[in-house]
Amino acid sequence: ELKVEQNPLFLSMQEGKNYTIYCNYSTTSDRLYWYRQDPGKSLESLFVLLSNGAVKQEGRLMASLDTKARLSTLHITAAVHDLSATYFCAVERDDKIIFGKGTRLHILP
Amino acid sequence: DTGVSQDPRHKITKRGQNVTFRCDPISEHNRLYWYRQTLGQGPEFLTYFQNEAQLEKSRLLSDRFSAERPKGSFSTLEIQHTEQGDSAMYLCASSLALGYNEQFFGPGTRLTVL
């Protein structure tokens, strides 16, 4: 059974700081996704990582994938308040996407 | 707006009542997924369709739940004899079954069972 674990589950940080969210998954997968969710809203796709060593960046967010370690990271550089949200890692296998529990990120001004 | 749409956005019902939700996918997408998300959790897969065929159902989908996609376009999710534990956000997503399967999510239907 494919399991996805994120840590930390909750992160409170100061503006301007850097931090990393980790996502481990239990079996081989086809693709890995990162989503953002604001309170009461649906999910917004941030990144799709397709292969080992993939790195993608958008603004202050950078995602990477190590398929051998079954690990993805979402790195936040110089955090700003607008990045406060819940971030989900999700892994696809056999046409299904399995989500982690999410990391609730709270950035203090 | 050409994204995934869901109706209604909110539904409050009494325990024991039946409810039906609708999802309209992005028009050229042939795959349609249903997820359930409870507070503080990630979305959990319920079922998915490719065109009108329902290809997989999760064990989470009890006999009280049924989903259809009769013409391969919109889909409905019905919950019979609702229970308080059914209270959740029900999310629909669609994708193209070509290349990678990036799913685009609708705004969700928030169900509250009293």
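The values are calculated or read from the model by the stated rules, or taken from the named source; none is laboratory data. Quick caveat, the model's predicted, so the values are computed rather than measured. Neighbour counts are summed over all protein chains in view; Cβ atoms, including those assigned to glycine, are modelled from backbone coordinates with ideal geometry.
Kindly indicate whether any position in the stretch B:85-93 is exposed (fewer than 14 other Cβ atoms within 10 Å of the Cβ), of a type outside the set (Val, Ile, Thr) and touching a Leu at 6+ places or on another chain (Cβ under 7 Å). Break it down stepwise before answering.
Going residue by residue through the stretch B:85-93, those that are exposed (fewer than 14 other Cβ atoms within 10 Å of the Cβ) are B:85.
Among the residues that remain, those that are also of a type outside the set (Val, Ile, Thr) are: B:85.
Applying the additional criterion that residues be touching a Leu at 6+ places or on another chain (Cβ under 7 Å) yields none.
No, the stretch B:85-93 has no match at all.
Going by the structure shown, is A:Gln57 loosely packed, with under 13 Cβ neighbours inside 10 Å and at pLDDT 95 or above?
In short, yes.
Would you point out which residue out of A:Asn18, A:Asn52, A:Asn7 is of a type outside the set (A, V, I, L, M, F, W, C) and within 14 Å of another protein chain (Cβ to nearest Cβ)?
Result of the check over A:Asn18, A:Asn52, A:Asn7: A:Asn7.
Keeping to the stretch A:89-109, report how many residues are farther than 15 Å from A:Leu9 by Cβ, within 7 Å of another protein chain (Cβ to nearest Cβ) and not in a strand (DSSP E or B).
1
Mind listing whichever residues of the stretch A:23-49 are within 19 Å of A:Lys3 (Cβ to Cβ) and either within 12 Å of chain B (Cβ to nearest Cβ) or surrounded by fewer than 16 Cβ atoms within 10 Å (Cβ to Cβ) (or both)? Full working, then the answer.
So the first thing to find is which residues in the stretch A:23-49 are within 19 Å of A:Lys3 (Cβ to Cβ), and the list is A:23-35, A:49.
The answer is A:Cys23, A:Ser26, A:Thr27, A:Thr28, A:Ser29, A:Asp30, A:Arg31, A:Leu32, A:Tyr33, A:Trp34, A:Tyr35, A:Leu49.
Would you mind stating whether B:Glu56 is over 20 Å from A:Leu46 (Cβ atoms) and within 12 Å of chain A (Cβ to nearest Cβ)?
Criteria met by B:Glu56.
Could you tell me which of the residues B:Gln50, B:Gln37 is in contact (Cβ under 8 Å) with a residue 60 or more places away in the chain, within 20 Å of B:Phe104 (Cα to Cα) and polar (S, T, N, Q)?
None of the other options fit; the residue is B:Gln37.
If you go through the stretch B:19-31 one residue at a time, do you hit one that is surrounded by 15 or more Cβ atoms within 10 Å (Cβ to Cβ), among the polar types (S, T, N, Q), over 12 Å from the mean Cα position of the chain (by Cα) and more than 12 Å from B:Tyr90 (Cα to Cα)?
yes
From A:Gly40, A:Gly53, grab the single residue that is out of contact with any Leu (no Cβ under 8 Å at 6 or more places or on another chain), part of a loop (DSSP other than H, G, I, E, B) and without any contact (Cβ under 8 Å) to a residue 40 or more places away in the chain.
A:Gly40
Is it the case that B:Glu78 is at negative phi, modelled with pLDDT under 95 and among the acidic types (Asp, Glu)?
no
Name the residue that is surrounded by the fewest Cβ atoms within 10 Å (Cβ to Cβ), counting only residues in the stretch B:34-53 that are within 12 Å of chain A (Cβ to nearest Cβ) and in a loop (DSSP other than H, G, I, E, B).
Looking at the filtered set, the residue picked out is B:Leu39.
Tell me yes or no: at least one residue of the stretch B:12-33 is over 24 Å from B:Val113 (Cα atoms), in a strand (DSSP E or B) and in contact with a Leu (Cβ under 9 Å, 6 or more places away or on another chain).
Step one: of the stretch B:12-33, the residues over 24 Å from B:Val113 (Cα atoms) are B:25-32.
Of the ones still in play, those that are also in a strand (DSSP E or B) are B:31-32.
This time we only want the ones that are in contact with a Leu (Cβ under 9 Å, 6 or more places away or on another chain), so: B:31.
Within the stretch B:12-33 (the criterion being over 24 Å from B:Val113 (Cα atoms), in a strand (DSSP E or B) and in contact with a Leu (Cβ under 9 Å, 6 or more places away or on another chain)), the answer is yes, since at least one residue qualifies.
Given the residues A:Ala85, A:Ala69, which is the only one that is out of contact with any Cys (no Cβ under 9 Å at 6 or more places or on another chain) and under 19 Å from A:Asn18 (Cβ atoms)?
Residue meeting the stated conditions: A:Ala85.
Just name the residue that is farthest from the other protein chains (Cβ to nearest Cβ) out of those in the stretch B:66-106 that are closer than 14 Å to B:Val4 by Cα and part of a loop (DSSP other than H, G, I, E, B).
By that ranking, first place goes to B:Ser73.
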